[in-house]
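These notes are about the structure you will find just below.
The values are calculated or read from the model by the stated rules, or taken from the named source; none is laboratory data. It should be emphasised that the depicted structure is a prediction, and the values quoted were computed from it without experimental measurement. Don't worry about glycine lacking a Cβ; one is built from the backbone with ideal geometry, like all the others, and counts go over all protein chains shown.
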Amino acid sequence: MTVRFQSLKIITEKEILPAADYVFDGETIKTANSDNTTEDQILVDCKGLLGSKGWTDLRCFSGEPGQEYRETLESLANALMQGGMTEAVLLPNSNPPIQSKSEVAYLKNHSNLLFPTFNVQAAVTKDFDGKELTEMLDLNHYGVNLFGEGLVSLSHSDRMMKALQYLQKFNGVLFDQSQDPMLALFGQMHEGISSTMLGLKGIPDLAEEVAVQKNLEILRYTGGKLHFQTVSTRGAVEQIRKAKKEGLAVTADVSIYQLLFTDDDLLDFDTRLKVLPPFRGKSQQAALIEGLKDGTIDALVSNHIPHELDAKNMEFDLSPFGMAGLPTFVPAVVKLSKELGYPLLIEKLTKGPQAILGNEANEWNSLTVFDPNEEWLFDEKSNASLAANNPYFNQTLNGKVKYLINQGKIEGLNE
């Protein structure tokens, strides 16, 4: 089966190309020409639609195994597709944690038939206790190249150092959401005027910046590859920028929602906006945007942390951190395009994350096509995730995925 996408505008990291026809031959996507045009092609009218290489999310959570009431692998796959993603990195914080061959085998066996490509991230320390290292070399022999503590910061300096040293044996990458746990202790939101007004314990910028500085010093000492997840402060961006100029193998991502919300949005105690790192002030938001523009920040992530309804229907200080960010990811991209432009955003969803995963540019075999103008109601019926801890719930949004291609499979033709 071959499919011809007619009058489709493709976005690259440099520009939006004029509308043209593209052909999917069951394996790759190519510009239409006389050699790949046949009479039996399925024709798809893409006037008004935008497309790019398939998007990659470097940070999303699956409750499976152990917490399937939050999100299963299948529902996560559906949420990824709703968010325009063809590939994703799974956080290791399931129950049991992803820390041995058996958990890795479970994930691979249960995800290999799903539409998106799943990359496994395994824990650095057993049960995320910051003490005993996992068998990273054995896990690598089983196909794992990404390691991190996921929702927990790897704050133990010696374990950070040893992990960076071990990972160099197979060119692995250490992922870390850097935060000093003692400086952030009991924190509920960003430390600022809003936290004072609400009477909530704040998480200062310092908690992130001290951890980033320490980890960069360890990286300077050990070498290796370090990827900072969900950076949120001006100081962290500045330190990463400096480290890149020095030539350190460091990369970073930011949650797309960190660019859309600030701590002022929490003034009505909406637990759906309680995330980690917390939504910060406008100054930090401006620094993150500048970091995206100058290449300091390499990727955008959903930071998809689904929770069951009861977990968010409680007092703010008792509610867990996390937002189900995938279902509304496309509307978030559309909203940000007004300020950042599509080429930059697409770079941070394609080339940037793929480089972090160590995937060099190859044949064009994945595609995300979306309608930036289509309105839809995000409610229980349309939500692809099992979770609804999202501030846009029951709102009308602009921007919807229409077609996806990945691993020779296509979605959207029957809708």
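Listing for the model above:
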| read-out | value |
| --- | --- |
| Odd one out for K47 among (1) under 30 Å from the mean Cα position of the chain (by Cα); (2) closer than 20 Å to V401 by Cβ; (3) not in a loop (DSSP other than H, G, I, E, B) | (3) |
| Hits in the range 203-214 (condition: in contact with a helix residue (DSSP H, G or I) (Cβ under 7 Å, 6 or more places away or on another chain) and in contact (Cβ under 8 Å) with a residue 60 or more places away in the chain) | D205, E208 |
| Some residue of the range 112-120 being modelled with pLDDT of 95 or more, part of a helix (DSSP H, G or I) and in the same structural domain as F61 (by TED's automatic domain parsing) | no |
| Residues located in the range 361-393, provided they are acidic (D, E) and either farther than 22 Å from Y22 by Cβ or in contact (Cβ under 8 Å) with a residue 60 or more places away in the chain (or both) | E363, D371, E375, D379, E380 |
| Test result for N359, out of contact with any helix residue (DSSP H, G or I) (no Cβ under 8 Å at 6 or more places or on another chain), at positive phi and of a type in the set (S, T, N, Q) | no |
| Criterion: farther than 29 Å from S178 by Cβ, touching a Leu at 6+ places or on another chain (Cβ under 7 Å) and touching a residue at least 40 places away in the same chain (Cβ under 8 Å) - qualifying residue of S75, S52 | S75 |
| When residues of the range 18-44 are limited to those that are surrounded by fewer than 16 Cβ atoms within 10 Å (Cβ to Cβ), in contact with a Lys or Arg (Cβ under 9 Å, 6 or more places away or on another chain) and not in a loop (DSSP other than H, G, I, E, B), the one modelled with the highest pLDDT | A20 |
| Among residues of the range 329-352, those that are touching a Ser or Thr at 6+ places or on another chain (Cβ under 9 Å), of a type in the set (S, T, N, Q) and over 22 Å from Q177 (Cα atoms), counted | 0 |
| Residue within the range 130-142 that is in the same structural domain as K225 (by TED's automatic domain parsing) and more than 18 Å from E103 (Cα to Cα) present | yes |
| Candidate set: the range 353-397, residues that are outside any loop (DSSP other than H, G, I, E, B) and among the hydroxyl-bearing types (S, T, Y); chosen: the one farthest from Q407 (Cα to Cα) | T396 |
